[in-house]
Protein chains: 2
Amino acid sequence: MSEARLIYLPLGGAGEIGMNCYVYGYGPEGRERLIVVDLGVTFPDMETTPGVELILPDISWLEARADRIDAIFLTHAHEDHVGALGHLWPKLRAQVYCRCFTGVIAKLKLEEHGHPGTAVTVVEPRPEAVQVGPFRVQFQPVAHSIPESSALIIDTPAGRIFHSGDFKLDPGPVVGEPHDPKAMAEIGAEGVKVLTCDSTNVFNTHEGRSESTLAEPLRDLVAAAPGMVVATTFASNVARLVTLAQAGHAAGRSVCLLGRAMKRMVAAAEESGVLPAFPPIIPPEAAVEVPRQNLMLIVTGSQGERRAATAQLSRGKYLGLEMKEGDTFLFSSKTIPGNERGVIRIMNAFSERGVEVVDDHGGLYHVSGHANRPDLERVQEALKPQIVIPMHGEHRHLRAHARLAEARGRISEVATNGMMLDLTGDVPKVAEYIETSRVYLDGTAMVGAMDGVIRDRLRMGMNGLVLVTLILDEDDQPLGEAWAELLGLPKTGRTGRNFAEVLEADLAEFLDRVDARTLRDDDRLDEALRRLVRQVAVEEVGKKPEVTVVLSRLSAE
Amino acid sequence: MSEARLIYLPLGGAGEIGMNCYVYGYGPEGRERLIVVDLGVTFPDMETTPGVELILPDISWLEARADRIDAIFLTHAHEDHVGALGHLWPKLRAQVYCRCFTGVIAKLKLEEHGHPGTAVTVVEPRPEAVQVGPFRVQFQPVAHSIPESSALIIDTPAGRIFHSGDFKLDPGPVVGEPHDPKAMAEIGAEGVKVLTCDSTNVFNTHEGRSESTLAEPLRDLVAAAPGMVVATTFASNVARLVTLAQAGHAAGRSVCLLGRAMKRMVAAAEESGVLPAFPPIIPPEAAVEVPRQNLMLIVTGSQGERRAATAQLSRGKYLGLEMKEGDTFLFSSKTIPGNERGVIRIMNAFSERGVEVVDDHGGLYHVSGHANRPDLERVQEALKPQIVIPMHGEHRHLRAHARLAEARGRISEVATNGMMLDLTGDVPKVAEYIETSRVYLDGTAMVGAMDGVIRDRLRMGMNGLVLVTLILDEDDQPLGEAWAELLGLPKTGRTGRNFAEVLEADLAEFLDRVDARTLRDDDRLDEALRRLVRQVAVEEVGKKPEVTVVLSRLSAE
């Protein structure tokens, strides 16, 4: 029997920001007991995944080994850590462990998909521990932009792993536990073999700023604003909601929350008892009656999402409320790369309405929830890990983070999704490369990233489609003309003639002279018609469209 | 006969960054003589204009009045000011006036499209003047990120307009004339009625920095880099090319330019005599023989364009050259909003190759070519215009710029594309709203933004397409089954069955029970089949696909 080994396998989040999913295993090779940390999603974009709802990690490797999974741990309730739970849990069916606030969200996600909420076990933070198989796991509270974010202390027979989750070193996080240097030092003193660590902000060379620094600037901004004030931030940033609401309340304004996600998060915070004194909230029906200079709205949609409250307000009336000349709209948020165009569109729509738009202004009205480079250094100093494995970041983040660790004399290794590391010895070794990809939730169906479905959509979206229909009679002779229908293509081409008619004339001419062998053979005919259409299209409109040929043979009936 | 009036009509660039096109007119209403300033393009994106090559201003208003156009003036050779010239000139056929460097580019653009290069007249800067109709126009050199950028001094019987073009107040622009405060004061002293002014950087509250400040940091960076150094910037930023090449040369490196646009711009700069001492350049064939620590490449593709040299190098070998561990790639550029994902993808590809990626680092390796807020204030002080009309900017920029002018006691008006202002009196008046839009160059065809062609492509790209084919016999009875073909849709749905087969079964069932009246009526049948397909699709895959029904009636033959 082979020696037991300790393995680490990222299935999402290592090589990207978002879609976090990490696996640890301990035991003899091929028979390791496994735990899963986080089941997150990432979001689609028009450039690569048009029409897709959500992007999930490809967990086929885990699914094939579901009997070896002892537990799923959730570090916190952000979508990129729990968003895939409802979709993927039935493939794993392991018990889910997390803290209370995360548990409220996790249960909702399971139950929405018809799975039992009892699959979630709520755990108190360290020193409480969960023993599952060879793993003893404790939740160490860390500050982040959502309540009850946690690092995981994972003790194994091969040593201790500190899995950071998403975190910052915030002495005043407004909601939840402040950074606890003493606890970190204790954990380090007990000996940390591996630090698996958040890398998203490794390029930020300034020390991270505290959530509590925003209270004063936000209070000043809201107090000085003449008309209605509307602020947006991530709904899950409960601390920010509190700070914004308090700023509104301090300025004598009634505060109203808009957006489903906002209300759900506040309810979850209340249910789990993490919500501090929140100023009284009025419903939208009451808000419409409040004079605008006495009103503050806190709304969803900071990333420009088209259906969220921010976008709705930029377009006009929303739930009876409307922004006007002299009102102020505040983005208490950072625009995630890729969302700039949508956010800018909204800013301009507000500008057209005469609304004053304020964004984070170099950090005055927003701070990040992640540890910056000096903070990452401090964590390494406190925990003194032998090995640093950067996680949660694009390749460039992981690489820079590994360099940072190496510069301080630690061993580090860049492991991206699908790269299994053996962490048993003093130096991490690449054990195996797992084939892994992404899964798209498209409508309600699951589609593999490599299935070609989205590729076909992208091609139609870029190139347009020509649809050719031809009926052949019992003698394999064309019955009437071939038809060409254009979808998403210019109606007239270079010659100024109708493009579909030019195509049909050229198809007719082709069918006049085509040999009998081609007419008898579906594949040959299809190929010949496609080639012809592409060639004519290039001449007429300078594009190579997608072509679909529908042949109907009456003889086949 | 009505009084003569002075009008201003932006057709592009006012309400957006890019696609600059402005019209001035003087004369009796409806019979004004017209001049056009700039004919620029803007660039498509996957979110709104997939597969489109270029976006051009809709100049139908001008086209209908081509006989009244006395001239086209070009302020400088950036694509967002001259990119539409080759496409749109034949609709206007007016003489084109510009400075020498711009003229080289403008002639190329005309000749590429088969139009005469003689349509371009090269003009020397102020005090030389062009008299066309009621307009006397002088080119006032301004500093910008391309050689020979110019403001236009447009004297009319109703007063002087200073049309800023794109500019910054740079005392050391490396290539071309430095900012000339004395000239500006003189022009102002002669009396400026209207300042039409670049607004792109109005939100930047710092004084603009000079191109010349980059020489030292770039020299230090290149000198300290261990391996090959590759730098990208906009090809048209000839000053930056010079600074980069000099940094390479100073470090004892051979310098090689890669990318067609790069070579074209350097050739244009040479031809027009604006290129100062450029270090010797070696061709790619020679570059492959140079040891990497002695080599510097300057390449196209700073915005992540997939076919440009930067993207090619991130994917592997390009013209025999390949980046490796220890090499440095420098983005001496700013990423334009919307291009972030593409640029980040390239940064990560370089990271995977072990290449050190350096970006502008808070301005150390890049400066903007546009005037910041304090610079805009200085220009107003120098020119002392009665009226400030903000141009070249999104709505939020125009609005903030107008506020800036008003705060200094000037009259201002936000005029967006299609909004004609009467500038005859002391206060600008809105004269008319012109219906204007955008035109897409799609392949080689022109498509109106409102024609629905791109909308159809977007829908197919988002929703996928179901193609239904049905043949009806002489008695309006289905001949065989209806077929369903899926394009860009999941192959299996909720039930786990083949989605196309589910559709075909439901179509068969529908055709069994459908009434004769529907079968006889193409529109009714088409509508009923579409509705059925959408309904089944929502049930099976949770999506509403596009549906195209092809009905073939044998009786119709």
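The values are calculated or read from the model by the stated rules, or taken from the named source; none is laboratory data. Everything quoted here is computed from the prediction, not taken from an experiment. We place every Cβ from the backbone using ideal geometry, glycine too, and count neighbours over all the protein chains shown. Note: accessible area is taken over every heavy atom of the protein model, side chains too, but ligands, DNA and RNA are not part of it. Shrake-Rupley method; radii C 1.70, N 1.55, O 1.52, S 1.80 Å.
Here are the numbers:
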read-out: Selection from A:LEU214, B:ALA119, A:ALA268, by position along the positive dipole direction of the protein assembly as shown (Cβ); value: A:LEU214
read-out: Neighbour net charge for A:GLY316 - beta-carbon separation under 15 angstrom, K R +1, D E -1; value: +3
read-out: Value at 222 nm in deg cm²/dmol, rounded to 500, when DSSP H runs of n ≥ 4 in chain A each add -39,500 (n - 2.57); value: -9000 deg cm²/dmol
read-out: Relative contact order (%) - criterion: Cα under 8 Å, at least six apart; region: segment A:211-363; value: 27
read-out: At 7 Å out from Cα toward Cβ: A:GLU63 inter-copy label distances (nm, ascending); value: 5.3
read-out: Among A:PHE499, A:MET446, A:ASN417 the positive-end extreme of the charge dipole of segment A:415-511 (Cβ point charges); value: A:ASN417
read-out: Distance in nm between pseudo-label sites at A:ASN294 and B:LYS324 (7 Å out along the Cβ direction from Cα); value: 7.4
read-out: Alpha-carbon centroid distance for the pair segment A:268-287 / segment B:184-204, whole angstrom; value: 51
read-out: If the convex hull is drawn through the Cα atoms of the protein assembly as shown, its volume per residue in Å³; value: 211
read-out: Loop sites in segment B:268-311: GluC sites (Glu not before Pro), DSSP, at most 14 other Cβ within 10 Å; value: B:GLU289
read-out: Pseudo-label separations to other copies for B:PRO28 - Cα-to-Cβ vector, 7 Å, nm; value: 10.3
read-out: Residues in segment B:408-427 reached by a label modelled at B:SER2 [backbone nitrogen below 12 Å; 7 Å Cα→Cβ]; value: B:422
read-out: Size of electric dipole in the protein assembly as shown: Cβ of Lys, Arg +1 and of Asp, Glu -1, about Cα centre, debye, nearest 20; value: 2740
read-out: Contact order relative to length of segment A:464-553, as percent, for alpha carbon pairs under 8 angstrom and 6 or more apart; value: 41
read-out: Chain A Cβ-axis minimum, rotational copy B, residue and distance in Å; value: A:GLY461, 1
read-out: Mean-position separation - Cα centroids, segment A:526-540 and segment A:1-62, in angstrom; value: 44
read-out: Formal net charge of residues neighbouring A:LEU218 (Cβ-Cβ distance under 12 Å; K, R +1; D, E -1); value: -2
read-out: Viscosity 0.692 mPa s, 37 °C: Kirkwood-radius Stokes-Einstein D of segment A:101-193 over Cα pairs, µm²/s; value: 227
read-out: Test item: Cα-centred dipole of chain A, Lys/Arg +1 and Asp/Glu -1 on Cβ, debye; value: 1420
read-out: Accessible area that becomes buried as B packs against A, both chains, 1.4 Å probe, Å², nearest 100; value: 5700
read-out: Set of aspartates and glutamates with alpha-carbon distance to A:LYS109 below 17 Å, sequence-local pairs under 8 removed; value: A:ASP38, A:GLU53, A:GLU79, A:ASP80, A:GLU271
read-out: Qualifying lysines (Cα of each under 16 Å from Cα of A:LYS491; at least 8 residues distant if same chain); value: A:LYS543, A:LYS544
read-out: Extreme residue, positive dipole direction of chain A, given options A:LEU39, A:ALA224, A:CYS21 (C-beta unit charges); value: A:ALA224
read-out: Using a 7 Å Cα-to-Cβ projection, A:ARG517 label spacings across copies, nm, ascending; value: 5.4
read-out: Over chain B, relative contact order from alpha-carbon pairs under 8 Å, at least 6 apart, %; value: 14
read-out: Computed FRET value (nearest 0.05) for B:ASP451 with A:ASP512, which takes r as the C-beta separation and R₀ as 30 Å; value: 0.35
read-out: Spin-label proximity, A:ILE281 to segment A:296-312 - amide N less than 18 Å from point 7 Å beyond Cα toward beta carbon; value: A:296-302, A:308-310
read-out: C-alpha center-to-center spacing [segment B:385-406, segment A:121-140] in angstrom; value: 60
read-out: Selection of trypsin sites (Lys or Arg not before Pro), segment A:122-213, meeting DSSP coil and at most 16 other Cβ within 10 Å; value: A:ARG209
read-out: Cα pair distances of segment B:464-553 binned at 5 Å [whole percent]; value: 3, 15, 29, 25, 14, 9, 4, 0
read-out: Nearest-0.05 FRET efficiency for B:ILE411 and B:ALA189, computed from C-beta distance (R0 22 Å); value: 0.65
read-out: Given charges at beta-carbon only (K, R positive; D, E negative), |dipole| of segment B:211-363 in Debye; value: 460
read-out: FRET efficiency, B:GLU381 to B:GLU271 (Cβ-Cβ, R0 41 Å, nearest 0.05); value: 0.65
read-out: GluC sites (Glu not before Pro) restricted to DSSP loop in segment B:460-539 with at most 12 other C-beta within 10 Å; value: B:GLU474
read-out: Average accessible area per residue (Å²) across segment B:211-363 - probe 1.4 Å, nucleic acids and ligands excluded; value: 41
